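Q: Submitted below is the structure of interest, expressed as structure tokens.
The values are calculated or read from the model by the stated rules, or taken from the named source; none is laboratory data. Fair warning: this is a prediction, and the values are worked out from it, not measured in the lab. Cβ atoms come from the backbone with ideal geometry, glycine included; neighbour counts cover every protein chain shown.
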Amino acid sequence: MKMGNVRKKGMHIAAGRNAAIEMSTGFIVMLILSLVVFSFSVYFAKQFFGGAQRLKDVYDERTEREIERLLDDGSRVAIPFDKKTISNGAFDTFGIGVLNVIGLAAENNFQVSVKFNKAFDRQNSVICQMPATASCGDPNTWLKTTAGDGDITDGVTFEKTIKNNAQDKFLVGVGVKGAPFGTYIFDVRVCVDDKDGDGSTSPQLGCNDPFFDAYENVRKLYVEVR
């Protein structure tokens with residue numbers, strides 16, 4: 001074999017090796033870029049959907065307008081849209097408003113509690129009720145407010161200080177999970193420390209020290225799970 005042929009053959013082998021190395025390096029670079037792009041995609045997806053859920057924590061104009069209309073018309077507790085259809089894994093909110101017309105002090109402290117009561121299926125048979133709720137996915141744990149998430153037995157409870165003849169508006173979020181289809185009913189209680197010092201209680205409405213007095217009859221929220 002001539003020396004020139006050997007040299008050419010060696011050059012071809014070396015070129016092949018270089019090409020293989022370049023292909024391997026290119027593949028690794030592409031793999032790294034793909035992983036980076038995928039990671040950013042996951043991050044931005046989380047940001048987007050997280051932002052979408054946070055948007056649900058803000059009043060829409062229609063809800064706020066209806067709360068104000070009801071309170072202006074004389075309602076002391078306003079829940080304009082008390083029925084929502086929420087699928088498993090989905091989230092929605094209820095808007096609630098309270099108007100302070102007690103008139104005994106410059107301001108009063110109110111306590112608002114939301115707690116699961118019972119659920120019915122489409123044949124109107126009871127699916128579950130308090131205190132046993134595990135078969136329904138523990139509906140009290142679906143509840144969310146800015147003051148915290150729902151407790152498995154007590155739902156959510158939070159306090160508001162409202163000036164005399166003033167109103168306050170707030171949201172209660174519901175994130176359904178692990179629930180059979182049916183209608184889930186939650187009790188809304190608004191109790192108040194009216195500062196009259198009479199020491200009265202309303203045990204039938206669940207009002208206790210220091211929020212002795214029921215400010216309104218028990219209201220209901222209805223969640224239709226489909």
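Q: Can you tell me which of 133, 153, 141 is within 29 Å of residue 225 (Cβ to Cβ), at pLDDT below 95, crowded, with 17+ Cβ neighbours inside 10 Å and of a type in the set (Val, Ile, Thr)? Please lay out each step first, then the result.
A: Numbers: 153 fails: crowded, with 17+ Cβ neighbours inside 10 Å; 141 fails: at pLDDT below 95.
133 is the lone residue from the list that is within 29 Å of residue 225 (Cβ to Cβ), at pLDDT below 95, crowded, with 17+ Cβ neighbours inside 10 Å and of a type in the set (Val, Ile, Thr).
Q: Examine region 88-102 for a residue that is among the charged types (D, E, K, R), within 20 Å of residue 64 (Cα to Cα), modelled with pLDDT of 95 or more and surrounded by fewer than 21 Cβ atoms within 10 Å (Cβ to Cβ), and state whether such a residue exists. Before the answer, list the steps.
A: The initial filter retains those residues of region 88-102 that are among the charged types (D, E, K, R), namely 92.
Now restrict to residues that are within 20 Å of residue 64 (Cα to Cα): 92.
Narrowing further to those that are modelled with pLDDT of 95 or more: none.
No: zero hits.
Q: Taking only region 78-101 into account, find how many residues are of a type in the set (Gly, Ala, Ser) and under 12 Å from the mean Cα position of the chain (by Cα). If you could, list the steps in order and put the result at the bottom.
A: At the first step, the residues of region 78-101 found to be of a type in the set (Gly, Ala, Ser) are 78, 87, 89-90, 95, 97.
Applying the additional criterion that residues be under 12 Å from the mean Cα position of the chain (by Cα) yields 89-90.
Qualifying residue count for the region: 2.
Q: Tell me the residue from 112, 174 that is surrounded by 19 or more Cβ atoms within 10 Å (Cβ to Cβ), touching a Leu at 6+ places or on another chain (Cβ under 9 Å) and either without any contact (Cβ under 8 Å) to a residue 60 or more places away in the chain or under 19 Å from residue 78 (Cβ atoms) (or both), please.
A: Result: 174 is the single residue among 112, 174 that is surrounded by 19 or more Cβ atoms within 10 Å (Cβ to Cβ), touching a Leu at 6+ places or on another chain (Cβ under 9 Å) and either without any contact (Cβ under 8 Å) to a residue 60 or more places away in the chain or under 19 Å from residue 78 (Cβ atoms) (or both).
Q: Looking at region 150-171, which of its residues are in a strand (DSSP E or B) and without any contact (Cβ under 8 Å) to a residue 24 or more places away in the chain?
A: Step one: list which residues in region 150-171 are in a strand (DSSP E or B), which gives 151, 155-163, 167-171.
Within region 150-171, 151 is the sole residue that qualifies.
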